[in-house]
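What follows is one structure encoded as structure tokens, with my remarks underneath.
The values are calculated or read from the model by the stated rules, or taken from the named source; none is laboratory data. In this text, all values refer to a predicted model and were calculated from it rather than measured experimentally. Neighbour counts are summed over all protein chains in view; Cβ atoms, including those assigned to glycine, are modelled from backbone coordinates with ideal geometry. Calculation scope for accessible area: heavy atoms of the full protein, side chains included, ligands and nucleic acids excluded. Shrake-Rupley method; radii C 1.70, N 1.55, O 1.52, S 1.80 Å.
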Amino acid sequence: NLLRKYIDKVYLQTNYMSDKFKSKYPEFNPCVLPTPINSQLSTKQLGNNRIFKPYLVCLCKYYPHKNLEILLPLAQLIKSSNLNLRILITIDENETYQSNKFLKSIAKNNLSDVLVNIGFQSFENAYSTLKQSDGLLLPTLSESYCIPYLEAFSLNKTILTSDRGFARSVCGEAAYYFDPLNEYSIFSKIEEMLK
């Protein structure tokens with residue numbers, strides 16, 4: 001608050017953030033920065049990608065707000081329903097203790113045939129993976145600037161994501177929204193998308 005008198009301009013990443021900021025600091029008129037999407041990216045074929053089809057991709061590192069633990073009961077539901085679908089995740093097992101524990105719980109629960117970890121991907125590989133997928137799945141609880149939404153749009157991919165303000169501000173009516181804390185809600189949107 002002491003520094004507010006020295007601020008001439010405020011730059012934010014999304015309209016959602018701008019609206020929240022203006023409600024708290026009405027004296028400012030923030031500028032929303034354009035989203036950087038690299039239009040020069042080329043895609044390359046994934047090796048053995050046929051074994052994964054159909055698949056959704058969950059492009060993210062392991063962070064608590066990404067809510068990846070919901071994928072475990074979701075995968076159990078997919079498996080028990082005999083739904084022909086894989087979810088590719090991009091987790092580095094050596095990133096944190098929690099990421100390693102999460103990957104071990106996939107194996108322990110015999111879900112590796114539904115939750116397929118392809119490990120950390122370079123930006124170019126992640127873009128190729130998304131291009132060849134059937135859609136983007138993000139059960140995240142909070143985001144400030146989620147570029148995968150816009151990358152998915154640039155590739156004409158389906159988006160399934162959390163019914164939260166940050167997601168709706170970017171995706172509008174062009175996504176399937178679910179309760180990120182309820183695997184049945186996510187599963188029903190996946191079924192709807194597949195139909």
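For the stretch 116-195, give me every one of the strands (runs of 3 or more DSSP E) that falls completely inside it and has 2 or more residues that are surrounded by 17 or more Cβ atoms within 10 Å (Cβ to Cβ) and among the β-branched types (Val, Ile, Thr). Can you show your working first?
Working: elements: 135-138, 159-162, 176-178.
Fully inside the stretch 116-195 and qualifying: 159-162.
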### Task
Kindly establish whether Ser112 is within 18 Å of Tyr55 (Cβ to Cβ) and under 14 Å from the mean Cα position of the chain (by Cα).
no
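Answer yes or no: is there a residue in the stretch 80-95 that is without any contact (Cβ under 8 Å) to a residue 40 or more places away in the chain, open to solvent by less than 80 Å² (accessible area, probe 1.4 Å) and outside any loop (DSSP other than H, G, I, E, B).
yes
What about Ser99, is it at pLDDT 75 or above, open to solvent by 50 Å² or more (accessible area, probe 1.4 Å) and part of a helix (DSSP H, G or I)?
Details: at pLDDT 75 or above: yes; open to solvent by 50 Å² or more (accessible area, probe 1.4 Å): no; part of a helix (DSSP H, G or I): yes.
Spelling it out, it is not the case that Ser99 is at pLDDT 75 or above, open to solvent by 50 Å² or more (accessible area, probe 1.4 Å) and part of a helix (DSSP H, G or I).
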### Task
Look through the stretch 9-25, keep the residues that are open to solvent by 100 Å² or more (accessible area, probe 1.4 Å) and modelled with pLDDT of 80 or more, and return whichever of them is nearest to Ile147 (Cα to Cα).
Lys9
